[in-house]
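Take a look at the structure below.
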Amino acid sequence: MKLLFNKLFKNKKDYPEFWQNYSAKFKNDDSARVVVLDCETTGLKPTEDKILSIGAVALHNKIIYIEDNFSVFLKQKINKPESIAIHGIVKNKTDHLVPESEALEQLLSYLGNSKIIGHHIQFDVHMINMALKNAGLPKLKNKVQDTSALYSQYKGVHQLMRKSLDELCDEFHITKKDRHTSMGDAFLTAQVYQRLILA
């Protein structure tokens, strides 16, 4: 009971230094930089599935900066054959795997206070928040924007249009290189995002 009480009412000062550094960045607004993010996972159930890789690339003032990127592969105890068929990530076969806690620390340092962009991004954010919860940390503080919603606005439609990333790439004549990898999908989504905001 005491352990549960401590977990529920944990003092903010008790959070690790990397979380405090991340949280402190939200005192300032850096709207010039946004981060396009994608996760590859063991499945689509956040309560039982795990993140296998996270890829991200940043835009500064609406320009994609390839050098400002993030990529990490996580060491997990589970993987599923049906998801391997999609993303090709085989358990313990990637060159450099890091523990989930280390991956989260790296991700928060990279994100800073930037807005997060993604295609169907709520799933990715939910997966990251579940991992943060498992580590005893609060949810992400970043603002989030979905390219699906942006596409609906771009088309002048009030209801959400559920287009796949493949369909959007085809519409905007974007070459689908490295599809179904976290880094590849982040870069494709960044190009879609750029088309939508510069239209």
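Pairs from the table (155/177; 75/176; 50/155; 62/176) lying more than 30 angstrom apart at Cα are 50/155. Across the range 41-57, rounded Karplus estimates of 3J(HN,Hα) from the backbone phi angles (6.51 cos²θ - 1.76 cosθ + 1.60, θ = phi - 60°) give 10, 6, x, 10, 10, x, 6, 10, 8, 10, 7, 9, 8, 10, x, 7, 9 Hz, Gly and Pro being marked x. The stretch between residue 135 and residue 24, if pulled fully straight at 0.36 nm per residue, gains 38.0 nm over its current Cα-Cα span. Between residue 68 and 58, the built amide H atoms are under 5 Å apart, and every one of these is 5 or more places off in sequence or on another chain.
With 10 angstrom as the radius, rank 182, 109, 23 by how many other C-beta atoms surround their C-beta, starting from the fewest.
Details: 182 26, 109 13, 23 16.
Sorted ascending by nearby Cβ count, the order is 109, 23, 182.
Every number in this text was worked out from the coordinates using simple rules, so none of it is lab data. The structure displayed is predicted, hence computed values, not measured ones. Here the Cβ is made from the backbone with ideal geometry for all residues, glycine too, and neighbour counts use every protein chain on show.
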